[in-house]
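Taking it in order: structure first as structure tokens, then the write-up.
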Amino acid sequence: DKGAYPFYMLKEIDEQPAVMRRLVQEYLGANGKPQIDEKLLAQMQEADHLYIVGAGTSYHAGLVGARLFERFAQIPTSVHISSEFAYEQPLLSKKPFFIFLSQSGETADSREVLVHVNENKWPSLTITNVDKSTLSREATHTLLLYAGPEIAVASTKAYTAQVAVEAILAKALGEYLGLEAAQKFDVKDELAKVANGMQALVDSKDEIEAIASHALSKPRNAFYIGRGLDWSVSLEAALKLKEISYVQAEGFASGELKHGTIALIEKNTPVIGIITQSRTAGLTRSNLEETAARGANILTIASRHLAKEDDSIILPDVDEMISPLLSVVPAQLLAYYTSLGKGLDVDKPRNLAKSVTVQ
Ligand code: M6R
């Protein structure tokens, strides 16, 4: 039931702070120690490479997860689109471990990969919102997202829950391996900060609605740019905008613009920079300037500690490794209000189904 909300998507965006708190309760004990099955950690520890598999938004959550596993557990990790992996399998390492990301647990392309993984008796984990879903039943292990039913076709709270569960798992695995970076990462405290930060962002809806109506209601194209984790979020931000507002949106690695894509910039093309990483903030800002010099209408989503006075949207500070949990929220809202402003059916965009059970 969507109660007083006009669309499920807005309700689900608003539920994200509560989902973060629920994950803290479910997975982090009173002392902040991750409560993760030791058998899972032992199997992951034996792996020489983690393969994350997913589609759409779940694939994008995997892009963030790969960085978390490499940083905190120091295990090489690659991320794969399930429909690609199923038919063009990359050369695998000697001891692979597979992580399936799927809100529904029913995505046929991902299941196709899991069937193959099981035929080879490789160990696997499904991270899903649906207990006893196909991917959950067929994988060796399951971690649940505890996000509650996600009804809108555009995935929002499942993405942030996936990233949060990956952060908890990366911390647990790194600690299990005795790694200092993991010991120092206070995931419980950080997720509490994330929950408060998300609340502040969803409370500033009116400002985000104004930006959407001013900058995104008319153009046919828009670009999100960023580097590293900000690039990963750019891809998800662009998918949200395409999916429900039918704006031709792309996420670009900001350093790649000058290698071709800057040719797309025309007068008033919206270019939204995501700036949450101190190592690359200055570089992304100069890339934004380059697009502005060609007439782009630039907007910025920046973390407070890296913010400048004229940034469009300022994000509360959290550990930079989990900044996607906050930077994605204004992007979800920008997509929502752009779609709403056009009078579209936000929850049921044309040509799409919530769960894709065909290959
Ligand atoms: O249920 P899944 O997470 O496996 O679904 C994967 C994609 O179909 C899904 O994320 C899709 O891209 C969303 N509509 C994006 O908002």
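Can we say residue 227 is under 16 Å from residue 303 (Cα atoms) and without any contact (Cβ under 8 Å) to a residue 60 or more places away in the chain? If you could, list the steps in order and put the result at the bottom.
Values: under 16 Å from residue 303 (Cα atoms): yes; without any contact (Cβ under 8 Å) to a residue 60 or more places away in the chain: yes.
In short, yes.
Of all residues in the range 303-329, which are away from the ligand (no atom under 16 Å from the Cβ), surrounded by 15 or more Cβ atoms within 10 Å (Cβ to Cβ) and in a helix (DSSP H, G or I)? Give the steps one after another, and end with the answer.
Looking only at the range 303-329, we keep the residues that are away from the ligand (no atom under 16 Å from the Cβ), and these are 303-323, 325-327.
After this cut, where a residue has to be surrounded by 15 or more Cβ atoms within 10 Å (Cβ to Cβ) as well, the list is 303, 306-307, 311-323, 325-327.
Passing the criteria: 306, 320, 321, 322, 325, 326, 327.
Out of all the residues in the range 292-327, which are of a type in the set (Val, Ile, Thr) and in contact (Cβ under 8 Å) with a residue 40 or more places away in the chain? Steps first, answer last, please.
Within the range 292-327, the subset of a type in the set (Val, Ile, Thr) is 298, 300-301, 313-314, 318, 322.
Result: 313, 318, 322.
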Which residues, taken from the range 273-302, are buried (at least 18 other Cβ atoms within 10 Å of the Cβ), in a helix (DSSP H, G or I) and either of a type in the set (Ser, Thr, Tyr) or within 17 Å of the chain's Cα centre (by Cα) (or both)? 284, 291
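Which is at pLDDT 95 or above, within 14 Å of the ligand (Cβ to nearest atom) and hydrophobic (A, V, I, L, M, F, W, C), of 55, 66, 73, 86? Quick ask: steps written out before the conclusion?
Numbers: 66 fails: within 14 Å of the ligand (Cβ to nearest atom); 73 fails: within 14 Å of the ligand (Cβ to nearest atom); 86 fails: at pLDDT 95 or above.
One residue alone meets the criteria, 55.
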Which listed residue is in contact (Cβ under 8 Å) with a residue 40 or more places away in the chain, in contact with a helix residue (DSSP H, G or I) (Cβ under 7 Å, 6 or more places away or on another chain) and away from the ligand (no atom under 16 Å from the Cβ), from 23, 40: 23
Subset of the range 83-129 (residues that are surrounded by 22 or more Cβ atoms within 10 Å (Cβ to Cβ) and either in a loop (DSSP other than H, G, I, E, B) or at positive phi (or both)): 103, 105, 107, 129
On the given criteria, is residue 175 within 16 Å of the ligand (Cβ to nearest atom) and acidic (Asp, Glu)? no
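The values are calculated or read from the model by the stated rules, or taken from the named source; none is laboratory data. Please read all numbers here as calculations on a predicted model, not as lab measurements. Heads up, the Cβs are rebuilt from the backbone with ideal geometry, glycines too, and the neighbour counts pull from every protein chain shown.
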